[in-house]
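Asker: Below is a structure I'd like to ask you about.
The values are calculated or read from the model by the stated rules, or taken from the named source; none is laboratory data. Bear in mind that the values here come from a model prediction, so they are computed numbers and not experimental data. For neighbour counting, all protein chains shown are included, and Cβ atoms are generated from backbone atoms with ideal geometry for every residue, glycine included. Please note that ligands, DNA and RNA were not included when accessible areas were found on the heavy atoms of the full protein model with its side chains. Shrake-Rupley method; radii C 1.70, N 1.55, O 1.52, S 1.80 Å.
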Amino acid sequence: MLSRFSDFIDSLAPSTTLRRETPLHRVTLALVGFCFVVGATLCVAFDAVFPTGQALSSLGLGSVVEEDVRAPFSIEYVSEVLTEQRRSAAANAVAPIYDPPDPTIARQQATLLQQILDFIDNIRRDPYGGAEQKQSDLLAITALRLDPVVVTDILLLDDETWRATGSEAISVLERVMREPIRELDLATVLEQLPSQVALRFDQRTASVVVALVKDVLRPNRFVNLQETETARQAAVDSVQPETRSFERGQVVVRAGTRLDAVDDEALQRLGLFDSEDRRAQLVLRAFIGSLLAMVLIGLYLARFPDGAYLRARFVALLCFVFLVGLFSARLFSGVQPPYYIYPAAGLALLLVVISKPEIAMIATVAQGILIGLMAENSLEIATLVISGGMVGSLILRRTERLNSYFVISIFIAVTNVVVVTLFNLELLNSSAAPTLGLKLLYALVNGVLSAMVALVGMYVLTSVLNLPTSLKLVELSQPNHPLLQRVLREAPGTYQHSLQVANLCEQAANAIGASADLTRVAALYHDIGKMLNPAFFVENQVDNLNPHDALNDPYRSASIIISHVVEGEKLARQYRLPVRIRDFILEHHGTTKVGYFYNRAVEQAGDTEAVDVDQFTYPGPKPQSRETAIMMLADNCESTVRARKPTNKQEIAEIVSAIFDQRLREGQLDEANLTLRDLDTARTIFVEMLQAVFHPRINYPIPAAAKRASLERAPVGDAQLETAPRPRSAPISRAAEPDAPEAAAVEPASPPLKRTAEVKALTIPDDDEDAPLQVVPPLRRTQKVNVVDVGAGDATGGDSADIHKGDKP
């Protein structure tokens with residue numbers, strides 16, 4: 001189960017090896033595109049597709065809103081409800097206008113009180129009335145509401161006290177009514193009435209005075225209705241119409257709010273009560289935007305094809321990462337102001353890490369379009385997303401360095417601040433200046449979050465999907481990696497060869513704009529399959545002992561040579577190398593032939609028809625990317641130049657040019673997307689670097705006596721005679737030539753002679769600074785050399801760089 005999951009995760013990584021332009025591949029890409037459009041549409045129109053809570057069309061005055069209602073677009077309108085409320089408030093704020101106090105009212109009430117006092121006086125003096133009759137007559141006075149206790153006190157007062165009480169009542173009434181008394185002030189005046197009674201009266205008598213006065217006390221100042229209405233109308237006319245505005249995404253009605261007339265008017269003006277029609281419009285708009293984003297990305301991939309990024313499963317991974325970023329943006333829609341703090345540039349930085357800047361830039365444009373739609377057609381938000389992502393994609397170069405992300409976060413933050421300021425300059429001198437400050441703060445935080453998101457995403461993708469990110473490449477390039485340590489111990493010659501090839505690849509890839517880090521690391525692992533049979537490859541052979549001589553079977557020898565590709569890919573799987581690294585192992589020989597052993601098989605059979613060429617051909621495929629093509633050429637050039645040991649720089653240039661031309665003629669570079677300019681640049685770099693490494697040595701004169709003694713100790717065999725015309729050159733096979741297959745076909749009648757003696761190296765004086773290094777003996781082997789038998793169906797490709805390694809010298 002774990003192995004299957006591991007294989008599935010590996011299959012998601014970008015690979016060029018398995019790419020096939022088949023109908024199934026096209027259908028898969030179409031299905032991925034369909035899923036992308038559907039996912040993006042659901043994300044952009046999420047609220048319309050999955051409405052939550054009650055429908056807005058069902059709301060009415062007094063209804064409780066269950067969720068925040070946001071403005072779908074910016075609007076400004078004159079609110080009739082708010083204007084009317086302000087006018088009513090202005091009219092109510094005008095105080096009533098009163099007329100001056102009316103003295104007639106005071107006279108009338110004083111006369112009324114005097115008549116009441118005279119009536120009471122008559123009742124008190126009635127000799128025929130009993131106590132009960134007198135109390136009944138006093139309670140019958142309609143102008144007064146006398147309490148029975150007060151009535152009793154009136155009847156018990158003596159005449160002198162009564163007369164003083166009546167006079168005090170008239171005096172209090174006249175004194176109080178000389179002051180303005182409004183209807184609103186009457187209650188206050190009545191409360192203060194006991195204090196108006198002279199202090200010479202006791203409490204009982206004072207109560208009688210208050211009871212007589214309070215019922216006849218009346219307001220003497222009244223509202224002038226005409227003037228008051230005129231003033232209120234003037235106040236109403238002075239009120240300006242009340243305007244109301246909403247920005248896109250701004251909350252119109254908060255959740256839990258009871259809908260009032262103002263909110264109802266706002267929802268009507270925004271057309272939110274027409275929910276069914278608007279939902280359809282939102283979904284259609286989201287679909288068109290998603291389709292446009294897919295077309296933009298698809299047109300770029302079609303216009304600038306790259307096998308590493310057209311594999312259906314990797315395209316699906318890119319779409320998944322894109323949709324994750326889009327759904328993450330949806331989570332930031334609730335932050336006010338929305339989307340300013342969302343680290344959209346983090347997606348661009350992450351795509352630069354796992355793909356290339358061009359794909360990151362086109363994806364940033366698509367992301368900006370969709371997030372702009374999510375922000376209710378906000379050009380500002382779309383510009384903010386696109387600008388930050390573009391700056392990040394163009395500036396980020398060394399993805400393996402942490403300080404690169406620190407620097408890029410500063411650039412993104414500055415770009416965000418510029419965009420926010422550009423779209424909000426009018427807020428500087430307005431009451432909304434604090435909002436601008438908050439937006440600028442979010443823009444700065446956005447840049448920091450973008451770098452953090454890229455780092456976290458890179459770590460997750462590296463750990464989960466085993467992608468060749470910069471972190472993974474740094475890990476694989478360490479010399480203490482278990483697989484590299486094993487190559488160093490078991491195949492030291494191959495290890496040194498891989499280092500030289502890695503240096504060539506890195507410089508050439510840098511020069512043509514390819515992934516230099518990926519190419520360099522892949523070159524370190526491209527020949528790991530040779531560990532299984534290291535002695536069958538010339539760089540690991542000691543004292544010119546060639547096991548192919550003992551084998552004497554061209555089919556078997558070719559199978560062993562070819563098997564290092566297949567077995568290397570298996571080892572790469574075992575050590576969990578990324579799929580892109582395994583592509584280099586499979587593609588670095590393309591579909592070339594092991595020419596030397598093929599020619600030997602033809603010589604033994606006597607007829608080319610009797611030899612199955614597929615058994616002498618590497619399985620391939622041909623290089624599918626610029627990086628794998630560069631490594632094929634670097635591998636060929638380094639091994640061939642090392643084998644031929646040229647005596648001058650011109651020979652190195654000729655060897656490199658011959659290899660480039662041969663690979664072009666064979667069609668090995670047809671699918672690599674390399675231009676002639678790229679090839680010319682790589683050729684120049686290879687020549688310069690190889691000339692620096694394999695520069696010719698000085699031929700020191702050797703005394704004749706010493707030379708004769710040396711020749712006597714080292715008998716010359718047939719193999720040396722074959723290569724005698726090359727001075728100071730080790731015996732090499734015809735297969736080391738870049739055109740080995742053709743040369744072998746021309747000279748079938750000259751089979752290689754069997755080695756009969758070993759040629760010892762000439763001794764160079766110790767004081768020669770340019771003297772070549774002595775051969776370092778290999779480390780003690782820890783396992784036996786096994787001959788791997790690869791069937792005809794597994795051996796289907798070759799390359800001149802490894803042809804000479806397995807050929808018999």
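Asker: What is the percent of Cα-Cα separations in region 310-412 that go past 23 Å?
Answerer: That fraction is 25 percent.
Asker: Please go through region 108-195 and write out the chymotrypsin sites (Phe, Trp or Tyr not before Pro) that DSSP classes as loop and that have at most 16 other C-beta atoms within 10 Å.
Answerer: Listed in order of number, the matching sites are TYR128.
Asker: Probe 1.4 Å, all protein chains in place: accessible area of ARG124 in Å², nearest 10?
Answerer: 40 Å²
Asker: How compact and how long is region 551-644, expressed as Rg and Dmax of its alpha-carbon atoms in Å?
Answerer: Answer for region 551-644, Rg first and Dmax second: 14.8, 45 Å.
Asker: Which value, in nm² and rounded to one decimal, describes the direction-averaged projected area of the C-alpha convex hull of region 108-186?
Answerer: Orientation-averaged projected area of the Cα hull: 5.8 nm².
Asker: Compute the distance in nm between two label points, each set 7 Å from the Cα along the Cα-to-Cβ direction, one at SER195 and one at VAL64.
Answerer: 5.0 nm
Asker: How long are the semi-axes of the equivalent ellipsoid of region 399-465, taking √(5λ) for every eigenvalue λ of the Cα gyration tensor, in whole Å from largest down?
Answerer: Those come to 32, 11, 7 Å.
Asker: Still on this model: Give me P(r) over region 194-332, computed from all C-alpha to C-alpha distances, binned every 10 Å, as integer percentages.
Answerer: The distribution over region 194-332 is 7, 16, 14, 12, 11, 10, 8, 6, 6, 5, 4, 1, given as percents.
Asker: Provide the FRET efficiency to the nearest 0.05 for the GLU400-GLN574 pair, computing r from the beta carbons and using R0 = 22 Å.
Answerer: The computed FRET efficiency comes out at 0.30.
Asker: Within 13 Å, Cβ to Cβ, of THR161, how many net charges do the neighbouring residues add up to if Lys/Arg are +1 and Asp/Glu are -1?
Answerer: On the way: positive: ARG124, ARG163, ARG200, ARG204; negative: ASP121, ASP153, ASP158, ASP159, GLU160, GLU168, ASP202.
Once positives and negatives cancel, what remains is -3.
Asker: If I take R0 = 51 Å and measure r between the Cβ atoms of LEU156 and VAL223 in this structure, what FRET efficiency does the formula 1/(1 + (r/R0)^6) give, to the nearest 0.05?
Answerer: My answer for the efficiency is 0.70.
Asker: How far apart, in nm, are the 7 Å Cα→Cβ label points at LYS649 and PHE73?
Answerer: Between LYS649 and PHE73, the label points sit 7.1 nm apart.
Asker: So if each residue of separation counts as 0.36 nm, and I subtract the Cα-Cα distance between GLN496 and GLN250, what length gain in nm does that give? Mind showing how you got there, number by number?
Answerer: On the way: separation 246, 0.36 × 246 = 88.56 nm, distance 6.52 nm.
Roughly 82.0 nm would be gained on extension.
Asker: Which number do you get for Rg(Cα) / (2.2 N^0.38 Å) in region 369-415?
Answerer: 1.33
Asker: Also, quick follow-up: In nm, what is the difference between 0.36 nm times the number of residues separating VAL94 and ARG175 and their Cα-Cα distance? Provide the component values of the computation, followed by the final result.
Answerer: Values: separation 81, 0.36 × 81 = 29.16 nm, distance 3.12 nm.
Contour length minus Cα-Cα distance gives 26.0 nm.
Asker: Just to compare against my own numbers: the Cα pair-distance distribution for region 390-528, 5 Å bins, whole % per bin, please.
Answerer: Per 5 Å bin, starting at zero, the Cα-Cα P(r) for region 390-528 comes out as 2, 9, 14, 14, 13, 12, 9, 7, 6, 5, 4, 3, 2, 1, 0, 0 percent.
Asker: Considering the Cα trace of region 519-587, what is its radius of gyration and what is Dmax, both in angstroms?
Answerer: Cα only, region 519-587: 13.3, 38 Å (Rg, Dmax).
Asker: I've got another one for you. For LEU331 and VAL38, FRET efficiency with R0 = 22 Å and r from the beta-carbon atoms, rounded to 0.05?
Answerer: On the way: r = 20 Å, r/R0 = 0.90.
About 0.65, to the nearest 0.05.
Asker: Between ILE410 and GLU426, what is 0.36 nm times their sequence separation minus the Cα-Cα distance? Round to one decimal in nm. Present the calculation step by step, with values, prior to reporting the outcome.
Answerer: Values: separation 16, 0.36 × 16 = 5.76 nm, distance 2.56 nm.
Stretched fully, the ILE410-GLU426 segment lengthens by 3.2 nm.
Asker: Trypsin sites (Lys or Arg not before Pro), restricted to region 149-230: which are DSSP loop and have at most 11 other Cβ atoms within 10 Å?
Answerer: Taking region 149-230 and a limit of 11 other Cβ atoms within 10 Å, the loop trypsin sites (Lys or Arg not before Pro) found are ARG200.
Asker: Just to verify a number: what accessible area does THR628 come out at with the full protein assembly present, 1.4 Å probe, Å² rounded to tens?
Answerer: Its accessible surface works out to 0 Å², give or take rounding.
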